[in-house]
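Notes to accompany the following structure.
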Amino acid sequence: MDCVMIYLAPEYAENGIVSVRTDVYSFGIFLLQLISGRNVINENQEEQSQSLLQWAEVLIEKLSLHELINPCIGESYDTYELYHMARTMYLCVRRRLEMRPSMRDVTD
């Protein structure tokens with residue numbers, strides 16, 4: 001699987017639809033990489049390939065945000081800031097583009 005495809009918003013990858021919220025999805029994936037320190041695709045030989053977002057969604061649904069954090073960071077992070085980064089990421093990667101915030105909302 002091509003890593004570039006993972007950064008593409010679903011509506012663009014599937015139907016070629018471009019909107020002001022298409023880049024917001026990619027930004028959400030970027031934030032997820034910053035938080036987790038993981039690659040977009042995990043191609044572990046023993047497991048089926050899994051995207052970073054698929055891995056993260058399970059943890060988010062279980063409210064296990066601490067498991068999203070790159071272990072290299074250790075305990076040297078501000079919990080409040082991490083929560084806001086994770087919340088922004090979650091809002092940005094919503095499958096339905098009309099549910100995503102605008103980039104202006106993300107940066108405010």
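Check Asn39, Asn44 and return the single one that is within 24 Å of Glu11 (Cα to Cα), at pLDDT below 80 and assigned to a loop (DSSP other than H, G, I, E, B).
On the way: Asn44 fails: within 24 Å of Glu11 (Cα to Cα).
Among Asn39, Asn44, only Asn39 is within 24 Å of Glu11 (Cα to Cα), at pLDDT below 80 and assigned to a loop (DSSP other than H, G, I, E, B).
Within region 69-79, identify whether any single residue is in contact with a helix residue (DSSP H, G or I) (Cβ under 6 Å, 6 or more places away or on another chain), modelled with pLDDT of 85 or more and not hydroxyl-bearing (Ser, Thr, Tyr), and answer yes or no.
The first filter runs over region 69-79 and keeps only residues in contact with a helix residue (DSSP H, G or I) (Cβ under 6 Å, 6 or more places away or on another chain), leaving 70.
Now drop any that are not modelled with pLDDT of 85 or more, which leaves 70.
Filter again for not hydroxyl-bearing (Ser, Thr, Tyr), leaving 70.
Yes, the conditions are met somewhere in region 69-79.
Pairs, please: C-beta under 8 Å, at least 6 apart or cross-chain, first residue within 19 Å of Leu52 (Cα to Cα) and loosely packed, with under 15 Cβ neighbours inside 10 Å and in region 74-102, second modelled with pLDDT under 85 and of a type outside the set (A, V, I, L, M)?
Going by the 8 Å Cβ cut-off, the qualifying pairs are Arg95/Pro10.
Taking region 46-56 on its own, how many of its residues are touching a residue at least 12 places away in the same chain (Cβ under 8 Å) and surrounded by 13 or more Cβ atoms within 10 Å (Cβ to Cβ)?
Narrowing region 46-56 to residues touching a residue at least 12 places away in the same chain (Cβ under 8 Å): 49, 51-53, 55-56.
Applying the additional criterion that residues be surrounded by 13 or more Cβ atoms within 10 Å (Cβ to Cβ) yields 51-53, 55-56.
Qualifying residue count for the region: 5.
For the structure I just gave you, tell me whether Leu59 is open to solvent by less than 70 Å² (accessible area, probe 1.4 Å), more than 23 Å from Ile17 (Cβ to Cβ) and part of a helix (DSSP H, G or I).
Values: open to solvent by less than 70 Å² (accessible area, probe 1.4 Å): yes; more than 23 Å from Ile17 (Cβ to Cβ): yes; part of a helix (DSSP H, G or I): yes.
Yes, satisfied.
Identify the residue in region 18-32 that is outside any helix (DSSP H, G or I) and either touching a residue at least 12 places away in the same chain (Cβ under 8 Å) or of a type in the set (Phe, Trp, Tyr) (or both) and, among all such residues, is surrounded by the fewest Cβ atoms within 10 Å (Cβ to Cβ). Break it down stepwise before answering.
First pass over region 18-32, keeping only residues outside any helix (DSSP H, G or I): 18-21.
Filter once more, so that each one left must be either touching a residue at least 12 places away in the same chain (Cβ under 8 Å) or of a type in the set (Phe, Trp, Tyr) (or both): 19-21.
Values: Ser19: 14, Val20: 11, Arg21: 20.
Residue satisfying both the conditions and the ranking: Val20.
Filter region 62-72 for residues that are closer than 15 Å to Leu31 by Cα and of a type in the set (A, V, I, L, M, F, W, C); which is most open to solvent (accessible area, probe 1.4 Å)?
Top of the filtered list is Leu65.
Condition check ((1) within 26 Å of Gly74 (Cβ to Cβ); (2) modelled with pLDDT under 75; (3) of a type in the set (Gly, Ala, Ser)) across all residues:
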| position | (1), (2), (3) |
| --- | --- |
| Arg21 | no, no, no |
| Ile29 | yes, no, no |
| Gln33 | yes, no, no |
| Ser49 | no, yes, yes |
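The values are calculated or read from the model by the stated rules, or taken from the named source; none is laboratory data. The shown structure was predicted, so the numbers you read here are calculated from the model rather than taken from an experiment. Methodologically, a virtual Cβ is constructed for each residue, glycine included, from the backbone with ideal geometry; neighbour enumeration extends over all protein chains shown. The protein model used for the area step is the full one, side chains on, heavy atoms only, and it has no ligands, DNA or RNA in it. Shrake-Rupley method; radii C 1.70, N 1.55, O 1.52, S 1.80 Å.
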